[in-house]
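The values are calculated or read from the model by the stated rules, or taken from the named source; none is laboratory data. Keep in mind that what you see is a predicted model, and the values were worked out from it rather than measured. As a convention, Cβ positions derive from the backbone with ideal geometry for all residues, glycine included, and neighbour counts pool all protein chains shown.
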Amino acid sequence: MDRQRAEEIIDSPQMIQVNYRGIPVYLQGINQEETATVFPLDEMHHEQQVDLQGLEEIRIKPIDEQFHPF
(Lines give C-alpha, C1' and ligand atoms only; values in the text may rest on other atoms or scores of the structure.)
Protein backbone atom coordinates (compact mmCIF):
# COMPACT_ATOMS: atom_id res chain seq x y z
CA MET A 1 0.00 0.00 0.00
CA ASP A 2 1.30 3.45 -0.71
CA ARG A 3 1.66 6.04 2.02
CA GLN A 4 -1.01 8.39 0.64
CA ARG A 5 -3.70 5.67 0.60
CA ALA A 6 -2.76 4.58 4.11
CA GLU A 7 -3.17 8.18 5.31
CA GLU A 8 -6.56 8.42 3.56
CA ILE A 9 -7.71 5.24 5.32
CA ILE A 10 -6.58 6.55 8.70
CA ASP A 11 -8.39 9.86 8.13
CA SER A 12 -11.57 8.24 6.81
CA PRO A 13 -14.68 8.38 9.02
CA GLN A 14 -15.60 4.93 7.65
CA MET A 15 -14.04 1.67 8.75
CA ILE A 16 -12.00 0.45 5.78
CA GLN A 17 -10.83 -3.14 5.97
CA VAL A 18 -7.07 -3.63 5.78
CA ASN A 19 -4.99 -6.80 5.93
CA TYR A 20 -1.33 -7.17 6.75
CA ARG A 21 -0.01 -10.20 4.92
CA GLY A 22 -3.50 -11.74 5.03
CA ILE A 23 -4.30 -10.86 8.66
CA PRO A 24 -7.09 -8.32 9.32
CA VAL A 25 -5.62 -5.29 11.13
CA TYR A 26 -6.60 -1.85 12.32
CA LEU A 27 -4.38 0.81 10.74
CA GLN A 28 -3.53 3.23 13.53
CA GLY A 29 -0.76 5.45 12.14
CA ILE A 30 2.09 6.00 9.70
CA ASN A 31 5.67 6.46 10.85
CA GLN A 32 8.50 8.45 9.27
CA GLU A 33 10.43 5.34 8.25
CA GLU A 34 7.64 4.16 5.90
CA THR A 35 6.17 1.78 8.43
CA ALA A 36 2.70 1.67 9.92
CA THR A 37 1.43 1.10 13.43
CA VAL A 38 -1.26 -1.58 13.36
CA PHE A 39 -2.88 -4.14 15.60
CA PRO A 40 -4.63 -7.37 14.64
CA LEU A 41 -8.40 -7.09 15.04
CA ASP A 42 -8.44 -10.23 17.17
CA GLU A 43 -5.53 -9.04 19.40
CA MET A 44 -6.11 -5.35 19.95
CA HIS A 45 -3.47 -5.15 22.68
CA HIS A 46 -0.75 -6.43 20.31
CA GLU A 47 0.38 -3.20 18.59
CA GLN A 48 3.05 -3.68 15.91
CA GLN A 49 5.19 -1.71 13.47
CA VAL A 50 4.90 -3.17 9.96
CA ASP A 51 6.09 -2.20 6.48
CA LEU A 52 3.57 -0.36 4.30
CA GLN A 53 4.17 -2.77 1.42
CA GLY A 54 2.61 -5.61 3.43
CA LEU A 55 -0.69 -3.75 3.84
CA GLU A 56 -3.60 -4.45 1.50
CA GLU A 57 -6.98 -2.72 1.36
CA ILE A 58 -9.88 -5.15 1.21
CA ARG A 59 -12.56 -3.75 -1.05
CA ILE A 60 -16.09 -4.87 -0.27
CA LYS A 61 -18.58 -5.00 -3.13
CA PRO A 62 -21.69 -2.85 -2.61
CA ILE A 63 -24.72 -4.81 -1.44
CA ASP A 64 -26.47 -4.52 -4.80
CA GLU A 65 -23.46 -6.17 -6.48
CA GLN A 66 -23.21 -8.98 -3.91
CA PHE A 67 -26.65 -10.45 -4.49
CA HIS A 68 -28.15 -11.24 -7.85
CA PRO A 69 -31.87 -11.96 -7.63
CA PHE A 70 -32.97 -14.77 -9.89
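I'm told Ile16 meets every condition in (1) surrounded by 12 or more Cβ atoms within 10 Å (Cβ to Cβ); (2) modelled with pLDDT of 95 or more; (3) of a type outside the set (Gly, Ala, Ser) except one. Can you identify the failing condition by its number?
Condition (2) is where Ile16 drops out.
Could you list, ordered by first residue, the pairs with Cβ atoms under 6 Å in which the first is in the range 8-29 and assigned to a loop (DSSP other than H, G, I, E, B) and the second is buried (at least 16 other Cβ atoms within 10 Å of the Cβ), at least 6 apart or interchain?
Close Cβ pairs satisfying both conditions: Ile16/Ile9; Arg21/Gly54.
Does the range 19-49 hold any residues that are among the aliphatic types (A, V, I, L, M) and surrounded by fewer than 13 Cβ atoms within 10 Å (Cβ to Cβ), and which are they?
Correct list: Met44 only.
Could you check the range 1-41 and list, in sequence order, the residues that are in contact with a Gly (Cβ under 8 Å, 6 or more places away or on another chain) and of a type in the set (D, E, K, R)?
Passing the criteria: only Arg21.
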